[in-house]
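J.: Before we start, here is the structure in question, set down as structure tokens.
The values are calculated or read from the model by the stated rules, or taken from the named source; none is laboratory data. Just so it is clear, the structure is predicted and the values come from calculations on it, not from any experiment. A quick note on method: Cβ atoms are made from the backbone with ideal geometry, for glycine too, and the neighbour counts reach across all protein chains shown.
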Amino acid sequence: MSRIDIPSHDETAPSSLQPLFHFVSKHFGFVPDIYRLLSLSPHSLTGLIEMQVALSRTLDVRTRERIALAVSEVNGCHYCISAHSYLGRYFAKLKPEEIALNRVGRSLDPKAEAAVKFAREVSMSRGKIERSELSILRAAGYTGAQIVEIIALCAQFSLTSLLANVFDIRPDFPKMSDEMVAEPGESTHAKRSALFPR
């Protein structure tokens, strides 16, 4: 059970939030609990959605979802792992084996792996990375602007992870098969049971 009362009906939200709920519902087919929770603070909900919309124009949907999976795993967020496993599979068209690799900072695609590994390291070290890690990212073909965007995506996905973890929100995205959400072989955490793609 969640540690906070999450509004259960979109219609009870202030009228000023209705366009935001409509926007979210249009993308997902429903309003996930993370957005309902944020509606308790309209400024926070508006801020997150504006950030997500802006960052949806960065990189590409597959890379963004790969980063989301890596960051969610580092943060040990059940809710976000469930959400981005679903979004990765059905919106970004990532294969199950790719999703499992992304969660541990790897990828079948060499260029994507550089970004995912970097995002994982940034999240684990709180940004205290080695200069060589930036060099690897640049060598893979990422520009300075794209490196900034990867870091911004790490911040975006960490925000939702923090909210979901603090309030112990239960996953509400459609349940994936066991193979889709199976724990990766190597994780920095104990074993545990951006949305707006274009």
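J.: Can you go through Ile99, Ile67, Ile150 and tell me which one is farther than 24 Å from Phe23 by Cβ and in contact with a Phe, Trp or Tyr (Cβ under 9 Å, 6 or more places away or on another chain)? Steps first, answer last, please.
T.: Working: Ile99 fails: in contact with a Phe, Trp or Tyr (Cβ under 9 Å, 6 or more places away or on another chain); Ile67 fails: farther than 24 Å from Phe23 by Cβ.
After applying the criteria, what remains is Ile150.
J.: Continuing with the same structure: Please return the ranges of helices (runs of 4 or more DSSP H) entirely within region 1-117 where 3 or more residues are among the aromatic types (Phe, Trp, Tyr) and at pLDDT below 90. Can you show your working first?
T.: Details: elements: 18-28, 33-38, 42-55, 61-74, 78-90, 96-103.
The helices (runs of 4 or more DSSP H) meeting that bar are 18-28.
J.: Only one residue in Ser135, Ser85, Ser123 is polar (S, T, N, Q) and surrounded by fewer than 22 Cβ atoms within 10 Å (Cβ to Cβ). Which one?
T.: Working: Ser85 fails: surrounded by fewer than 22 Cβ atoms within 10 Å (Cβ to Cβ); Ser123 fails: surrounded by fewer than 22 Cβ atoms within 10 Å (Cβ to Cβ).
Matching residue, one of Ser135, Ser85, Ser123: Ser135.
J.: Scanning for something touching a helix residue (DSSP H, G or I) at 6+ places or on another chain (Cβ under 8 Å) and assigned to a loop (DSSP other than H, G, I, E, B), does region 129-136 turn up at least one residue?
T.: The first filter runs over region 129-136 and keeps only residues touching a helix residue (DSSP H, G or I) at 6+ places or on another chain (Cβ under 8 Å), leaving 129, 133-134, 136.
Filter once more, keeping what is assigned to a loop (DSSP other than H, G, I, E, B): 129.
Yes, region 129-136 contains at least one residue that is touching a helix residue (DSSP H, G or I) at 6+ places or on another chain (Cβ under 8 Å) and assigned to a loop (DSSP other than H, G, I, E, B).
J.: If you scan region 53-76, which residues turn out to be buried (at least 19 other Cβ atoms within 10 Å of the Cβ) and either more than 10 Å from the chain's Cα centre (by Cα) or over 17 Å from Leu159 (Cβ atoms) (or both)?
T.: Going through region 53-76, the residues buried (at least 19 other Cβ atoms within 10 Å of the Cβ) turn out to be 55, 59, 61-75.
Residues satisfying the conditions are Leu55, Leu59, Val61, Arg62, Thr63, Arg66, Val74, Asn75.
J.: Follow-up question, since we're still on this one. Going by the structure shown, is Ile34 surrounded by 15 or more Cβ atoms within 10 Å (Cβ to Cβ), outside the structural domain of Val166 (by TED's automatic domain parsing) and aliphatic (A, V, I, L, M)?
T.: Details: surrounded by 15 or more Cβ atoms within 10 Å (Cβ to Cβ): yes; outside the structural domain of Val166 (by TED's automatic domain parsing): yes; aliphatic (A, V, I, L, M): yes.
For Ile34, the condition - surrounded by 15 or more Cβ atoms within 10 Å (Cβ to Cβ), outside the structural domain of Val166 (by TED's automatic domain parsing) and aliphatic (A, V, I, L, M) - is met.
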